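The values are calculated or read from the model by the stated rules, or taken from the named source; none is laboratory data. No experiment lies behind these values; they were computed from the predicted model shown. Cβ: placed from backbone, ideal geometry, glycine included. Neighbour counts: every protein chain shown. Accessible surface is based on the protein model in full, side chains and every heavy atom, while ligands, DNA and RNA are left aside. Shrake-Rupley method; radii C 1.70, N 1.55, O 1.52, S 1.80 Å.
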Amino acid sequence: MVKHFFSETDIKSSWDQVVSAFWQRYPNPFSKHVLTEDVIHREVTPENKLITRRLLTKTNRLPRWAEKIFPSNLSRSVFIIEDSIVDPKSKTFTTFTWNINHRRLMVRKMFFGMNSETHAWTRVQREAWISFCGIRDYFFFVMIQEFGLARFKSNQAKAMKGLEYTLANLQGIEGPSRTLKDTAKEATEKAKETALAATEKAKNLATAAAPQKSSHFV
Amino acid sequence: MNSVGEGCTELKREYDHCFNRWFAEKFLKGDRSGDPCSEMFKKYQQCVQQAIKDKDIPVDGIEFMGPNKEKPES
């Protein structure tokens, strides 16, 4: 028994622009849950396809009732594998994303291809499904599936917004569907991030300065 | 974006910067005249693979595009 989700949409940018933005989409104002991002394998195949494995760390948020029932599934962060193949010849880009913390699998697939009618646009197909093994996982799955898919949908909406934000930045223009309100909101988020970074930096400086200070008094 | 290895973030940034240029300006245009980022990638990988080991992140033995084979009929 598996729950499946599928959606299709167009991004009003060329395929080249979208796949370039894909690698640069973090951080963005919609990716607060993404903590780290690393390439852990990358090669160009003899057929001239780029294959990449990335490791992402994201915050793990379960509903409170699930945390109580499944404390063993509790961890502060979750590790995600993101495998992908870019084929510049056929202009296709396929990526699979799944968590490796425990056996419960929430798999997300994204496919980017050229829009067959308007080559200037990119067609995005998104799929997700949950699979499980063992009776314990099954119960977990039954209880978590609605939450998982609801979160998936909201995360996917955020992922698309994040990608469009990155695209707009790379192209140095405002995205077509962005409103003034969005822009203002993003500016506020960015200011918050800058402030946070400054606080962290100040903290680090203070820590670094602390031993020197004490040595003055010795 | 930060690396999972706290000490690897700077190496990652340098590599990412190199990769993004290569990807957009060479790879997507079909230019296969060598990879200018390979040295940076090597250094970055030494650092990040050690961090993965230190943190016990279970990345070994995971098949590439693994879930593709388990994809259910919808």
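When B and A come together, around 3400 square angstrom of accessible surface is lost from both chains combined, probe 1.4 Å.
Mean projected area of the Cα convex hull of chain B, taken over all directions, amounts to 7.5 nm². With a simple spin-label model that places each label point 7 Å from the Cα along the Cα-to-Cβ direction, the separation between residue A:170 and residue B:42 comes to 2.9 nm. Database remark: amide H of residue A:114 closer than 5 angstrom to the amide H of A:123 (H placed geometrically; neighbours at sequence offset of 5 or more, or on other chains; Pro and chain starts carry no H). Calculated accessible area for chain B comes out at 63 Å² per residue, all protein chains present (probe 1.4 Å; ligands, DNA, RNA ignored). Between residue A:100 and residue A:48, the FRET efficiency from the beta-carbon distance, with R0 = 22 Å, is close to 0.15.
Beyond 27 Å in Cα-Cα separation lie the following of the pairs A:58/B:43; A:32/B:55; B:26/B:53; A:49/B:53; A:12/B:26: B:26/B:53; A:49/B:53.
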